[in-house]
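The values are calculated or read from the model by the stated rules, or taken from the named source; none is laboratory data. These numbers come from a predicted model, not from an experiment. FYI the Cβ positions are ideal-geometry reconstructions off the backbone, even for glycines, and counts take in every protein chain you see. These accessible areas exclude ligands, DNA and RNA; they are computed on the full protein's heavy atoms, side chains included. Shrake-Rupley method; radii C 1.70, N 1.55, O 1.52, S 1.80 Å.
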Amino acid sequence: MIKAILLAALVLGGMGVLFGIILGIASKVFHVDKDERVGMILQVLPCANCGGCGYAGCSAYAEAVVKGTASPSGCIVGGETCVSKVADIMGVQATTKEKKVARVKCGGNCFEAPAKYEYIGVQSCVSAARIAGGPKNCEYGCFGLGSCAKVCPADAISMSNGIAYVIESKCVACGLCVSTCPRRIIELVPASKEYTVVCNSKAKGAKVTKVCDVGCIGCKMCEKACPNGAITVEDNRAKIDYTKCTNCGLCSEKCPRKIIKKF
Amino acid sequence: MMGNLFVIAITAILMENFVLSKFLGICPFLGVSKKLKTALGMGAAVTFVIVLSAIVTWCVQRFLLVPLKLEYLQTIAFILIIASLVQFVEMALMKLVPPLYESLGIYLPLITTNCAVLGSAILIQDNNYTFIEGVVYAFASSIGFMLAMVMFAGVRERLEDSDIPEFLKGFPITLISASLLSLAFFGFQGLKF
């Protein structure tokens, strides 16, 4: 009886010790030198693995920073604090990037910009865009099928009344929605700038008024109102140059369609 | 001899598919089957580990446990072997074949306590397979595992684009699809050699 227990313990214990020794030796033999800075950088990164920096994930980015192929200020999501911490670890001066947010340049919801036809296919904007130019009368507007909301790693986009809204407090400015939108109506703008033209239509004024109640008609009222020359009408739509914009809000007041919105 | 091995292989892949008939390895089957690429990676890692562990556990069983009449230690001994083996393989791959480590590396720790690996090692003993038969069985059953993973990844990629009722979204629809796939595989039960 005792002998059987001893034998079992001995065999299992022996195997355990043997494997332990083998693993111990292996960890020495197969030791791979890893730069400890990779781990340190990884700790200060947000680890959302959004890919906004252009790398496969936070660890891939951390390795690239240590190798010197990526800039320490590549992480937009982490903001200034993260950039300066990464720069500290790498021992270089931080060049901070301005915090940005995504904004949807369309305000034509299902009441103001009616649909051309009822779309009941695959719930994806890319698929919808292939059918007769999309289910909206306006050739430039948001479909509201939420492809941007699906790709958002931060859950920052919500859909209501058939258009997308960005919840700015949650937005990490990774740019995934910008590249996903088949209509290219989402834009990354500096978070400090409060005004955005919520229309992307290149159509002429008369056509815009037919398909949407809140489309830009290119009347140039905003252009004349802006004291800094920051807003211009190109391709029949108003466009704000954020390097010149001072958040004065005069354009928003003058706009007859009320589509230069304060965020 | 060859015919026998063929029967073992086909049985392990289709009729007694690990995931869909024996319900082993359900965790990685549901966890890593969201994308075709990860499903393939996981399948390859499992194949690698199952074959290696089949070789080692077969030797330990025949040359250590059976002669000492310690067959009742089979389960715990096999778990010990598989866990250390996976650790060892992970370290060796990291040093010797970095590209392979890059593609399999993240899945290896997941396999340490995978029931499909332990299951195949124990089933080989239960069926009294010879060494060659055991290796073929291990390889074929892991190919079956990979087949199920890849097929299901395809199903799930389609599910992503489908208009699923709110209350079925996520795991419910995944489990329902898995059970339908499993039912389909029961058709292979009719194949009798």
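Couple of notes before you dig in:
- Label point 7 Å beyond Cα of B:GLU102 along Cβ direction - residues of segment A:56-77 with amide nitrogen under 16 Å: A:56-70
- Here the label points at A:SER169 and B:PHE63, each 7 Å from Cα along the C-beta direction, are separated by 6.6 nm in the simple model.
- Dipole check for segment A:100-262: with +1 at the C-beta of Lys and Arg, -1 at the C-beta of Asp and Glu, and the Cα centre as origin, the magnitude is about 300 Debye.
- Take every Cα pair under 8 Å whose residues are at least 6 apart in sequence, average their separation, divide by the length of segment A:100-262, and the relative contact order is 24 percent.
- Residue by residue, segment A:205-216 carries 3J(HN,Hα) couplings of x, 4, 5, 4, 5, 5, 9, 8, 7, 10, x, 6 Hz when phi is fed to the Karplus relation 6.51 cos²θ - 1.76 cosθ + 1.60 (θ = phi - 60°); x denotes Gly or Pro.
- In terms of packing, defined here as the mean over residues of other Cβ atoms within 10 angstrom, the peptides A:23-33, B:35-45, B:90-100 line up highest first as B:35-45, B:90-100, A:23-33.
- Percent accessible area from carbon and sulfur atoms, segment A:100-262, protein chains only, probe 1.4 Å: 53 percent
- Legend: helices of chain B (whole DSSP H runs) are marked when their alpha-carbon atoms reach 18 angstrom or more along the helix axis and their mean Kyte-Doolittle hydropathy is at least -1.0; marked are B:36-60, B:74-96, B:131-160, B:171-186.
- Approximate shape of chain A as ellipsoid semi-axes (Cα gyration tensor, √5λ), whole Å, largest first: 53, 26, 13
- The amide H of A:ILE186, built 1.01 Å from its N in the peptide plane, has A:LYS105 as neighbours under 5 Å, considering only residues 5 or more places off or on other chains.
- Taking chain A as a Gaussian network of alpha-carbon nodes connected by springs under 10 Å, the highest mean-square fluctuation of the residues A:GLY57, A:GLY229, A:GLY13 belongs to A:GLY13.
- Percent accessible area from carbon and sulfur atoms, segment B:23-139, protein chains only, probe 1.4 Å: 73 percent
- Residue-averaged [θ]222 nm for chain B, counting only DSSP H segments that reach four residues, each worth -39500 (n - 2.57): -22500 deg cm²/dmol
- Taking max minus min of the alpha-carbon positions on each principal axis, segment A:210-263 gives extents of 33, 22, 17 Å, largest first.
- Residue among B:ILE132, B:VAL60, B:ILE76 farthest towards the positive dipole end of segment B:2-188, charges placed on Cβ: B:VAL60
- Rounded, prolate or oblate (a/c below 1.5 giving rounded, otherwise prolate when a/b exceeds b/c) for the protein assembly as shown by Cα gyration tensor: oblate
- Taking the inverse of the mean 1/r over every pair of distinct Cα atoms in segment B:81-142 gives a Kirkwood hydrodynamic radius of 12.7 Å.
- Peptide A:22-28 is shielded by partner chain Cβ atoms: per residue, an average of 3 of them sit within 10 Å of its Cβ.
- Subset of B:LYS169/B:LYS192; A:LYS150/A:LYS220; A:LYS202/A:LYS258; A:LYS204/A:LYS262; A:LYS100/A:LYS202; A:LYS100/B:LYS37 violating a 27 Å alpha-carbon distance limit: B:LYS169/B:LYS192; A:LYS150/A:LYS220; A:LYS100/B:LYS37
- Interface area, chains B and A: about 1700 Å² of buried accessible surface, summed, with a 1.4 Å probe and ligands, DNA and RNA left out.
- FRET efficiency for the B:ILE10 to B:LYS34 pair, using the beta carbon distance and R₀ = 25 Å, is estimated at 0.30.
- Segment A:123-263: proportion of alpha-carbon pairs further apart than 25 angstrom, %: 29 percent
- Chain lengthening between A:ARG184 and A:ASP241 when straightened (0.36 nm per residue, less Cα-Cα): 18.7 nm
- Dipole of chain A, positive end: most advanced residue of A:CYS138, A:ASN161, A:CYS82 [Cβ charges, Cα centre]: A:CYS138
- Close amide H pairs (under 5 Å, H built 1.01 Å from N) link A:ILE231 with A:ASP241, residues at least 5 positions away or on another chain.
- Trypsin sites (Lys or Arg not before Pro) restricted to segment B:107-193 and DSSP loop, no more than 16 other C-beta within 10 Å: B:LYS169, B:LYS192
- Entry comment: accessible area of segment A:100-262 is 48 Å² per residue, from protein heavy atoms only and a probe of 1.4 Å.
- With contacts taken as Cα pairs under 8 Å and at least 6 residues apart, chain B reaches a relative contact order of 42 percent.
- Ignoring aspartates and glutamates fewer than eight residues from A:LYS99 along the same chain, the ones with Cα atoms less than 16 angstrom from its Cα are A:GLU80, A:GLU168, A:GLU187, A:GLU194.
- Residue by residue along B:83-92, Cβ atoms of other protein chains within 10 Å of the local Cβ number 4 on average.
- Solvent-accessible area per residue, Å², over segment A:36-90 with all protein chains present [probe radius 1.4 Å]: 49 Å²
- A crude spin-label estimate for the pair A:GLU80 and A:VAL126, with each label 7 Å from Cα along the Cβ direction, gives 3.7 nm.
- Along principal axes, Cα extents of chain B, largest first, whole Å: 59, 45, 30
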